[in-house]
Amino acid sequence: MKSGKFWAWVTFILGAAYFFIPLIATMEFSMRMKRGEYSFEAYRVVLGDPRFQESFTFSVVAAVFTIILGVLLVVPTAYWIRLRLPQLRPVVEFVTLLPLVIPAIVIVFGYIRMYGSNSPLPFLSSDMGTNALLVIGYATLALPYMYRAVDTGLRTIDVRTLTEAAQILGAGWTTIISRVILPNVLIAVLSGAFLTFAIVIGEFTIASLLNRPAFGPYLQNIGANRAYEPAALAIIAFVITWGCMSVIQVLSRFAPKSANRPN
Amino acid sequence: MTDISLSGPAAAGKTLPPAQASAMRLPTQWLGVAPFIIFALMFLILPTLYLILGAFQNVDGAFTLENIVELAQPTIRAAYWISIKVSVASSLLGAFIGLAIAIAIVRGGLPNWTRSATLTFSGVASQFAGVPLAFAFLATLGRLGLVTVLLRSVGVDLYQYGFNVLSFWGLTLTYLYFQIPLMVVIITPAIDGIRKEWGEAAATLGATQWQYWRMVVIPVIWPSFLGTVILLFANSFGAIATAYALTGSSLNIVPIVLYAQIRGDVLHNANLGYAIAFGMIFITGLANIFYIWFRTRSERWLK
Amino acid sequence: MADPFLSIQHVKKAFGPTTVVEDFNLDIERGEFVSFLGPSGCGKTTVLRMVAGFEEPTAGSIIVGGKDVTRLKPNQRNVGMVFQAYALFPNLTVAQNVAFGLKVAGVAKAESDRRVAEMLELIKLPQMGDRYPYQLSGGQQQRVALARALAPKPKLLLLDEPLSALDAKVRVSLRDEIRAIQKELGITTIFVTHDQEEALSISDRIAVMYGGKAEQVGAPFEIYNRPATKFVANFVGTLNVLEGVVSDAGSGRVRINAEEIGLKGKLNGSKTGDTLSLALRPEAIALGPRPGHDATLSGEIADVHFLGSVIRVRVGIGGSKISLDTFNNSSTPPPNVGDKAEISFSSGDVLVLH
Ligand SMILES: Nc1ncnc2c1ncn2[C@@H]1O[C@H](COP(=O)(O)OP(=O)(O)OP(=O)(O)O)[C@@H](O)[C@H]1O
Ligand SMILES: [Mg+2]
């Protein structure tokens, strides 16, 4: 017992050290831009850089569209699977897990070859089409997380009973989804949305291979050419990720508790 | 499911309220998932199949194994080898360290805040990958990084000892930054699932702590553990951004070779590019098939 | 009890500043079946866990078979334990679960197989050896847990609310089965429950616990009929409690509202003017006079509950309501609410609570 606790502390402290030292080092490095004193100069330079602002805005917009696409794709599907097609469940779950197995670089490689300018569906021949393909690629990346978040949300609220109750009261499908199901899984959907945001905002591979002016390629470019700004950007990116995750944590407190389980 | 399709056409003409719609099967039932299926086919499955097929074709579209054979050329083979090494090392190390941390916070008798702090932080760190992570490690262990500088000031020159953040170990150490937390996040619920009473029952039956672990705890968490190791493996095997930002193209892992190929056909053979992509899917797919096989074989006790 | 098998002596347990068990004493004879009965949070589990070795007593000692085991680890005590939530190992089959204790003790395979078969026979699940726990019902799982606990021939069997997770019917049949198995093996057993019916029906003796102490220890008959304290009287069975004032200590007269009854010889030292709590079981009270009943009180029918073979009537007397049971008799209609009524009982059945 006693020695167990000792080792638990050792493990915890070593782990904490491994995870905090890089953060501290990066913070320190990012403040070294002015010789001989600590300053936030690197942050000032980065935040004032118009390319930063443009690429960041681009990625935020892409993330928003990704979230919309993801919600439209996942919520009705997960709902329908729970309600009417449980036999399809293993297939759909398998598909949603595929993006964890097939690397993003392979997926985007496939896009480039399948949707080039002389293909039947020439996404890549226009800027808008390429942007759409970027959003689609992001939605694919986020699919496993979005699906699991929504499906867990649906599991806790007993979809079938809610739907039947709404039907007895004479509600149609649009009403059922928008007024009954969505509000109840809103927390789950929002969690999925913020996770999607965290994944997408600094994504490099797809954006770079589709030549989009996104935040990820911008980061990479700064990394190759500057010394102190990358550290500042790393801290900014960490704070963004932290923010998204904290929102998810806070949201989870408002999630409806399972109706089936006691306690 | 043939009987289902029979009743379909007969009922398809009528418009029914949702409650009765369940009586008619195939067409309307499946419409509900049609958007998803179409999306998955168009943007996930077909693009992948396209590459896989391409890997077995020559420039004229005829079947060939040449591209696969070509994978054995030294640069590509070396790339696969280093990718596999980094992925195996970072997934195994990440898995064991993550497991140790999870056990420490769940079962170690630490105060409650350590658990919530670790889980919150792990949630963040498991998603903190890509280019910024490379920056953080350069700032830490690069030639001018804080740790490098501090160690040098006490007379330990990491780079003199052959360490380089732009190397196998450097990359592995960096990947652990998201691998360990990912393990913690996934395995903690599995450890929570180990009931306190099991240990107590085992103790009253005379078992030592080690016997209890060997006969109950390890077999119980093993499936989740192995599944997560496979996930961690795939996670690092396909990752490119961190490595690219960290090492440029000085460390030729497979995704970086493929990236260069997509950008500029550096191999001067488009179909060889497909073969490299196929090889990546093959390896992560193989890992998953092994996992599924293992699970169905040995986990009869899982519902 | 000259030579108890298990002796719990002056045991105390505090978690930090809160004392949850104080000065608990109990001697149990070999082969005895003792129940711990008490409300939630009274410390039943804590005492049991100290006997098992999961908690170390803050003070006092626990002696099993003449040997002080207070500081022994659980895996050195040779006790069998059954938990409320079954706690079967999910990755092992029924047979492997039962064999667990034998395996860790290094019992040879053949011997262990024989013992497992014997145990499965004992719990009447001989065909289920190859099943996994999730393939069994709750009652079956709990029987397997019992077999697993008994397989290594423990000196003591500890059961912590083993029936609470089961539905009512299984609960009754399994408790009888547990008792039968216990008698057959002659194993010394402690059974924790908060269900008085359970405790009354299967125990040799019951320890009624309250606030970390044993309020009363005795045979079920004794606990029910001669509760030693107000708590025990209230907790075990339904009880009517009336306030009375001693009007004449010498002749044993006690005034209840405006009426007097005689309780000679029951007042143990109460003086004239003292207030007493008098308790009566519903089955000891009759509506109207009855031969042998020497005390009467009058009141008004407050409500009537028809329970099938029995009619439970509540009679308002002064400020309190007295429950009594009359048998359903098709020729006599039940009383009406608001009617005047007289109840009678034997003063010998009155419990004076302290
Ligand atoms: N590990 C612990 N730390 C602090 N307090 C505890 C601990 N274990 C038990 N207690 C407290 O001790 C008291 C007695 O608990 P115990 O579990 O023995 O009750 P019980 O009689 O078994 O109740 P129940 O019928 O609900 O199981 C409770 O108030 C409980 O909160
Ligand atoms: Mg208890």
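The values are calculated or read from the model by the stated rules, or taken from the named source; none is laboratory data. Nothing here was measured: the structure is a model prediction, and the numbers come from that model. A quick note on method: Cβ atoms are made from the backbone with ideal geometry, for glycine too, and the neighbour counts reach across all protein chains shown. Remember, those area values only see protein heavy atoms, side chains included, never the ligands or the DNA or RNA. Shrake-Rupley method; radii C 1.70, N 1.55, O 1.52, S 1.80 Å.
Ordered by 1.4 Å accessible area with all protein chains kept, A:Glu229, C:Glu222 run largest first as C:Glu222, A:Glu229. Quick check on my link table: of C:Lys124/C:Lys183; C:Lys12/C:Lys44; C:Lys12/C:Lys213; C:Lys13/C:Lys213; B:Lys196/C:Lys103, which ones sit more than 18 Å apart, alpha carbon to alpha carbon? Cα-Cα > 18 Å for B:Lys196/C:Lys103; rest within. Computed with a 1.4 angstrom probe on protein heavy atoms, the B-A interface buries about 6800 square angstrom of accessible area in total. Taking a sphere under 14 Å around the Cβ of C:Gly262 and counting the other residues whose Cβ falls inside, with K and R at +1 and D and E at -1, yields a net charge of -1. Expressed as a whole percent, the accessible area of the range C:240-353 that falls on carbon and sulfur atoms is 51 (1.4 Å probe).
Over chain B, dividing the summed -39,500 (n - 2.57) contributions of all DSSP H runs of at least 4 residues by the number of residues returns a 222 nm mean residue ellipticity of -22500 deg cm²/dmol. Comparing each chain alone with all protein chains together (probe 1.4 Å, DNA, RNA and ligands left out), the residues of the range B:91-109 losing at least 20 Å² of accessible area are B:Ile101, B:Ala104, B:Gly108, B:Gly109. The alpha carbons of chain C stretch over 76, 50, 36 Å along the principal axes, in descending order.
Local charge for C:Ala279 was computed over the other residues whose Cβ lies under 10 Å away, with Lys and Arg +1 and Asp and Glu -1, and equals +1. What residues of the range C:170-198 lie in the reach of a label at C:Lys124, counting those whose backbone N is under 14 Å from a point 7 Å from the Cα along Cα→Cβ? Once the point is set 7 Å along Cα→Cβ of C:Lys124, C:170-182 turn out to lie under 14 Å by backbone N, inside the range C:170-198. Taking the accessible area of the range B:150-303, probe 1.4 Å, and keeping the other protein chains in place, the carbon and sulfur fraction comes to 63%. Interface burial in the range B:132-167, defined as at least 40 Å² less accessible area with all protein chains than with the chain alone at a 1.4 Å probe, covers B:Pro132, B:Phe135, B:Ala139, B:Thr140, B:Leu144, B:Leu146. GNM on chain B, alpha-carbon springs under 10 angstrom: the most fluctuating residue among B:Trp81, B:Trp169, B:Trp210 is B:Trp210. Checking every one of the trypsin sites (Lys or Arg not before Pro) in the range A:159-263 against DSSP loop status and a limit of 12 other Cβ atoms within 10 Å picks out A:Lys257. Which distance in Å, rounded to a whole number, links the C-alpha centroids of the range C:227-282 and the range A:18-74? Their Cα centres are 81 Å away from one another. Helix content alone sets the calculated 222 nm mean residue ellipticity of chain C: runs of n ≥ 4 DSSP H residues at -39500 (n - 2.57) each, divided across all residues, give -7000 deg cm²/dmol.
Sort out for me the Cα centre separation of the range A:123-150 from the range A:202-256, rounded to whole Å. Result: 17 Å between the Cα centres.
Can you flag which of C:Lys169/C:Lys230; C:Lys73/C:Lys153; A:Lys5/C:Lys153 are past 24 Å Cα-Cα?
Pairs exceeding the cut-off: C:Lys169/C:Lys230; A:Lys5/C:Lys153.
The range B:144-211 and the range B:221-238 have Cα centres spaced 15 Å apart. Peptide C:76-82 has a mean shielding of 3, counted as Cβ atoms of other protein chains within 10 Å of each residue's Cβ.
Computed from Cα positions, the angle between helix C:168-185 and the longest principal axis of chain C comes to roughly 60 degrees. Measuring nothing but protein heavy atoms, the accessible surface of the range A:1-123 at 1.4 Å probe radius is 73 percent carbon and sulfur. Coordinate range of the alpha-carbon atoms in chain B per principal axis, descending: 84, 68, 34 Å. Taking A:Met33, B:Met183 and ordering them by how much accessible surface each has at a 1.4 Å probe, largest first, produces A:Met33, B:Met183. For chain A, hydrophobic long helices are taken as DSSP H runs at least 30 Å long by C-alpha position along their axis with mean Kyte-Doolittle hydropathy of 0.0 or more; these are A:2-30, A:50-83, A:127-157, A:229-254.
With helices as the sole contributors, chain A gives -25500 deg cm²/dmol at 222 nm; each DSSP H run of n ≥ 4 counts as -39500 (n - 2.57), and the sum is divided by every residue. Highest mobility in the GNM of chain C, judged by mean-square fluctuation with C-alpha springs under 10 Å and restricted to C:Ala233, C:Ala147, C:Ala117, is found for C:Ala117.
Ligands, DNA and RNA excluded, the heavy atoms of A:Val75 present near 10 Å² of accessible surface to a 1.4 Å solvent probe.
Among the helices of chain B, those built from whole DSSP H runs whose Cα atoms reach 30 Å or more along their own axis and whose mean Kyte-Doolittle hydropathy is at least 0.0 are B:74-107, B:168-192, B:270-298. Charged neighbours of C:Val192, selected by a Cβ distance under 9 Å, balance to -1 (K, R count +1; D, E count -1).
Can you sort A:Phe56, A:Phe238, C:Phe306, C:Phe15 by 1.4 Å-probe accessible area, starting with the largest? Kindly include the intermediate steps, with their values, before the conclusion.
Working: A:Phe56 55, A:Phe238 20, C:Phe306 135, C:Phe15 90 Å².
Per-residue accessible area, sorted high to low, gives C:Phe306, C:Phe15, A:Phe56, A:Phe238.
Viscosity 1.002 mPa s, temperature 20 °C: what is the translational diffusion coefficient of the range B:86-149 from Stokes-Einstein with a Kirkwood Rh over Cα pairs, rounded to a whole number of µm²/s?
The Stokes-Einstein estimate is 156 µm²/s.
Against chain C, whose longest principal axis is taken from its Cα atoms, helix C:94-104 shows a tilt of about 70°.
Accessible area per residue for chain A is 47 Å², calculated with a 1.4 Å probe on protein heavy atoms, without ligands, DNA or RNA. Counting heavy atoms of the protein chains alone, C:Lys183 has an accessible area of about 140 Å² for a 1.4 Å probe.
In order along the range C:68-80, phi translates into HN-Hα couplings of 6, 10, 3, 9, 6, 6, x, 7, 10, 9, 6, 10, x Hz, rounded to whole numbers, per the Karplus curve 6.51 cos²θ - 1.76 cosθ + 1.60 with θ = phi - 60° and x for Gly and Pro.
Consider all pairwise Cα distances in the range B:135-215 and report the whole-number % of them above 15 Å. Tail of the P(r) past 15 Å holds 70 percent of the pairs.
Computing Rg and the Kirkwood Rh from the Cα coordinates of the protein assembly as shown gives a ratio, Rg/Rh, of 1.09. Taken over the range C:175-309, the alpha-carbon convex hull comes to 178 cubic angstrom per residue. Using a probe of 1.4 Å on the protein chains alone, the accessible area found for A:Arg89 is around 50 Å².
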